[in-house]
Ligand SMILES: [Cu+2]
C-alpha cells in the first residue's frame with residue numbers, strides 16, 4: 001500500500017513536471033500555422049503555370065497586403081506551394097508577398 005501511494009505521488013510529480021514543457025511545445029508548433037491561417041488571402045484565376053520554373057501567372061483581384069489593385073501578373077513560388085490539383089484556368093485563393101522586390105506566392109488553395 002505504501003508502495004502504491006509512493007508511485008501515485010511520483011506519477012503526479014512527473015505529470016506536473018511535464019505539463020509546462022508540453023504547453024510550451026504546443027504553442028511553438030501552433031503559432032506559425034495559426035499565423036498563416038489568419039493571413040488574408042486574395043482571389044484570382046490561374047492563367048499560366050510552370051511548376052518546373054516555379055512561376056505562376058494569376059489574374060487577381062485586389063491584394064490588400066501589397067496595396068495592389070486587380071491585374072494579371074506573374075509570381076514566383078517555391079516547390080510544394082501550388083497544390084498538384086491546381087491547373088491553368090482554375091480559380092484559386094492565394095497569399096502573395098513581396099521579398100526583395102520580387103512577388104512570390106506563399107500559399108495557394110483551390111477556390112470553389
Ligand atoms: Cu498584381
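Some notes on this structure:
- For region 42-110, dividing the convex hull volume of the Cα atoms by the residue count gives 73 Å³ per residue.
- Cα-based shape type of region 66-106, given that a ≥ b ≥ c are square roots of the gyration tensor eigenvalues and the cut on a/c is 1.5: oblate
- Relative to the current alpha-carbon distance between residue 97 and residue 43, full extension at 0.36 nm per residue lengthens the span by 18.0 nm.
- Calculated Rg and Dmax of region 46-86 using C-alpha coordinates, Å: 10.9, 29
FYI, it's all coordinate maths here, none of it is from the lab. This structure is a prediction, so every number in the text was calculated from the model and none was measured.
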